[in-house]
Each structure stands twice: as structure tokens, then as C-alpha cells.
């Protein structure tokens, strides 16, 4: 399987930022161990990139690869939404869901 | 320390024409003002002009945070107001923060978030151009984009607080669902409600009327009520601050000629130089002729006249004047006259007023004539017309020049018009031109109804019109009821009886 490329945008070391990092790391280690690249960008240090990427909310996770590019907004505490956003939904409930659709 | 020396709320002059008068100095500095209005009420123009005037008039840079109209569209759309945003961006005077949604962007939500990124971008933009002014347009679009109202409300409050800390004066625009109802749709006023302005675009008697109202300025004063404004191509919002105009004009005792020697005599030696006259009469009684004499009388003294004609075309006016032996064409060439002809229907009364004020400012006339004022009645609501008349008269009085307005009465005999009802208390003199029917013949009568600050002739005088203009003759004797529109021939016996009615000596 191909390598996931992810970028997480946060603003400072807030509780919400910490939660997002924690939640994302857990999912990545569980489902994508060794097959992901994660870049964490603090917008307080690099505000210009927020303008370029047109980011309004933080935390914002951008899945750059594989296509399609998708933004997942929030502290990533909703695991199902996170997995769906990362196209990993099938891997968590492998047999059941895919068969139904 | 006395109250006067304690620090009070300072206002930032916006530069938006008219608004600074209504707001008594501008927007409260360093605070956030909510600008609420329905769709099409010019919120974006207001927000944009706030920054544009800052750049043009005060050399203050601005940040525009847009959630609705993409920067590329705004750069194009605002060129119509001669605001070259692209150039200002290059000069480091204008910075966009683009919060518009990107079509086709795939987004999902997982857990709670804040608008920290937006705040970082605004702060960065403000620092980058050293902005003094910030506009956010519009909050409704933020709510539509982000769905989670509670979060957005909390975050906007945080942004408003940060804007204050940054030392910028800011505007937030918000949608309203109705012209007269709750202030804004999402209850935003609850947290940025220090200052609230509402813009309205009301449909009144089939005509659109734009008004602005300052609902509140916490801790400082402002003019109250709705003020009409108009949007001009090439300059943007233009407010008409009616009550902002003070009644402080001087009054002079210098008399000036009406252009008709006999009428001057009737007025006790001519009109006052800075007075406003109203000539009222039915169609064909000689109103335009009176205007023509008024202009010729000015030209004879070397004065410059400005004529706003709303009923006749230029050619018609020239021809008519020539018919009375007065050459308007030559006067124009000599710079003693300027004729501005316009159909009342081409614009709203607010636009007419602004345009007339501009021409007056440019031409600087000694005499101003409007023929006829009542023609404008048909393009506006009653309220709009009243404001127009007040605006125009105060503008003329301010300049201390002579003004002559004509007003057409609806009935041939006697009668008054709506114009008179609105304007009669503002004018200094009123001259009535009336038809008088005698022995099956239409004759014309003239009387000076009112002449502020001077004695005047109380007779109703007959006048005739020929190729040299107006000739005032003898008073109508033995005739009563002319002004009521029902002239009655009085036989000598009646006159004798009426004469003795008030005789107390018996």
C-alpha cells in the first residue's frame, strides 16, 4: 500500500492542538504504521502558510495523498469521521461495511 | 480631573461623505461596529469604502476579511467606484484575508475546533501593512460555511476582542432578514453590540430608498434616526445628513433685483440677496418667465445664474427666452449662466440632490433657479421629497445666494400643491401667479403672499405677457375670490356695503 501524506495545522500548544496530535498519532500507528508521513505546522510560527492554504479553523488536517485531497477539521476526537476522512473506514470494519454497499 | 479632561471615546473619521456628520465624527476608534442590513443594502460597499476612504483621505492601511465575495471579484467590482484595490495591494495599503469557501473542497468534521487560524491570518495581515482599519464581510457567510453556530459565536467574540487589542477600528457586517425587525440573523449583536449601524433599502411607494441609521454608539453621541443615502458611480456611498446641517447662515439686508422692476417695487425694493423664493402657479401662468427674468436680472448686474430645468429641454428654454427678448445662449457663452436640463425620472431624488449640490459647488453661482420643483414630486415618495427640499434649501441658504423655485399647482384656478405645503415655511418669499376669469376671458394675476423681513404690496395685480416679457399692471379692483379660485365680480353696492361692515363709527 502507498504512503499517506498528512499535514496537521495547529495554532499554538492549546489543549485542542494536543488532543488532535494525540488522536491522529493513535490512528496512524494503528492503521498506517510505517506507511505515513505527518507534518505538524504551528500557524503561530508560520502565519503566511495559513493564508496560502486558506485555513480558517484549527486544528485542520489535510490529507494530501492519496487522492482525493481532503480536509478534516477539529480535534479529531470523532474517530469514525477521522477514519472516513482518511479513507481508512474500510480497514476498521473490513468485512461488514464494504459488503453492504 | 474634571469630566472634560478625562479620556473620552475618540472617533475615527471614516471619510464616508455624510456619515461623519451623522455619527458626529466617525466610528468609535479602536472598537468594533456592527453594520447590519438586508441583502442589497450596500453592506459590502460600506465595509469596502471604510477602508478605501482610509487609504485615500487619511493614508491609513486596511485589511479586508472576506467570506462572501472572492478577492478577484472585489478587485473588479470596486473599480466602478474608482477604488483600485489591486494597486493598493501593491503599495502595501490593502491586504485581503480570503475566507471564501473554495468550491469542490472536500471537508469533513471530527471533533471541536476554533477559528485560531483565521485569527492568526488577521493578525498577520494587520501587522504586515500596519493597518488601522479592518472590515469583516460578512458574518452570515461564516455561519453558513461553518454550521456550528455556538462555536462561531464564541470565536467571533474572541476575534472582536483581539481586534480591540490590536488597536484597529473595525467593521463587521451582518445580514438581517427584514428591514424592521431583529438587528441581525444570528444574534451577533449580543457580543459586538458596542456600536450598531443599520443600512436599509426600503421599497416605498414602488421606489427604493436607501437609509442609514446609527442604532447605538456605546458611550458616545450620534445623530438619531434614519438618514437617506445614495450610491454614486465613481465615489460610493454618499449620505445626506439633513439635520446635520445647522441653521447658522447669516442674513443680509442687501436687496437684489428680481429682473422685473415692478415686482421689485411690490416686494418693497427687491428680494433679499440670500433669500429663497417660491413662485407658485398653474401651468402657463408665467413661472418659467419669472425664472427667465430672474436670470436676466442677475446677468444685468454681472451675476452668475444656475438653472435646473426639469420640465423643458434646453432648446425649448432657449427658444422661449428668445421669444421674450432674452438671449440665454449668449449668457452661457459669457459664463453668466449655466442651464442643466434633466428629466426627473432619470434618477432618484437623492441622486438629483447630490448631483445638484455638485454642480452648485462647481459653478458657484449667485443665483439658483429650479423649474420646477414640483416635477420632482412624481419621482419620489412624500418623505423623500420633503427631505430633498430641505436638503436643497439648506445647501442654497448655506451659500448665501438667491434661490428661486417654481411650483405647479394642480388646478388651473386657485389651489396649492404638495410642494408648497412642504416648502412654504422654508422659503422667505412666496409669489402667487393665478388665472383670473373675468367676463369669459382668462387674465393673469400676481400677488406677493409673503416677504420675510420686509413690507410688501398686498394687492393682487394684473399682469400681461408679450414679446418683451412680463408687465405688471393695476390691481384687480371690484373682484373677489381670486385666490380661492372663484373670482366674483363685485358690483359697486357690494363694495360699499363691505366697506362699511368694519366701520365701527357707524
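General remarks:
- Residue under evaluation residue B:133, criteria (1) surrounded by fewer than 17 Cβ atoms within 10 Å (Cβ to Cβ); (2) within 24 Å of residue B:29 (Cβ to Cβ), criterion not met: (1)
- Tally, over region A:61-89, of residues that are facing chain B (nearest Cβ under 7 Å) and in contact with a helix residue (DSSP H, G or I) (Cβ under 7 Å, 6 or more places away or on another chain): 6
- Residues of region A:27-53 classified as away from chain B (no Cβ under 12 Å) and more than 19 Å from residue A:64 (Cα to Cα), total: 1
Residue by residue, here is whether (1) closer than 26 Å to residue B:9 by Cβ; (2) touching a residue at least 24 places away in the same chain (Cβ under 8 Å); (3) surrounded by 23 or more Cβ atoms within 10 Å (Cβ to Cβ); (4) in the same structural domain as residue B:128 (by TED's automatic domain parsing) holds:
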| residue | (1), (2), (3), (4) |
| --- | --- |
| B:32 | yes, yes, yes, yes |
| B:46 | yes, yes, yes, yes |
| B:75 | no, no, no, yes |
| B:78 | no, yes, no, yes |
| B:82 | no, yes, no, yes |
| B:86 | no, no, no, yes |
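- Annotation: of all residues in region B:382-410 being over 19 Å from residue B:288 (Cβ atoms) and part of a loop (DSSP other than H, G, I, E, B), the one that is modelled with the highest pLDDT is B:401.
- For region B:97-120, the criterion of a residue being within 14 Å of chain A (Cβ to nearest Cβ) and over 26 Å from residue B:151 (Cβ atoms) is satisfied by no position.
- Matching residues, region A:52-84, being surrounded by fewer than 13 Cβ atoms within 10 Å (Cβ to Cβ) and in a loop (DSSP other than H, G, I, E, B): A:67, A:68, A:69
- Qualifying residue in region B:164-183 (condition: touching a residue at least 12 places away in the same chain (Cβ under 8 Å), in a helix (DSSP H, G or I) and more than 11 Å from chain A (Cβ to nearest Cβ)): yes
- Residue match in region A:43-51 (condition: closer than 14 Å to residue B:108 by Cβ and either at pLDDT 90 or above or part of a helix (DSSP H, G or I) (or both)): no
- Filter pass, residue B:150 being within 23 Å of residue A:23 (Cβ to Cβ), at pLDDT below 95 and not in a loop (DSSP other than H, G, I, E, B): yes
- When residue B:291 is tested against (1) surrounded by fewer than 23 Cβ atoms within 10 Å (Cβ to Cβ); (2) under 20 Å from residue B:431 (Cα atoms), only condition (1) is not met.
- The residues in region B:305-335 that are in contact with a strand residue (DSSP E or B) (Cβ under 7 Å, 6 or more places away or on another chain), under 20 Å from residue B:399 (Cβ atoms) and assigned to a loop (DSSP other than H, G, I, E, B) can be counted, and the count is 0.
- Residue in region B:392-404 that is free of Cβ contacts under 8 Å to residues at least 24 places away in the same chain, under 19 Å from the mean Cα position of the chain (by Cα) and surrounded by fewer than 22 Cβ atoms within 10 Å (Cβ to Cβ) present: no
The values are calculated or read from the model by the stated rules, or taken from the named source; none is laboratory data. None of the values given here were measured: they were computed from a predicted structure. All Cβ positions, even for glycine, are placed from backbone atoms using ideal geometry, and neighbour counts span all protein chains on display.
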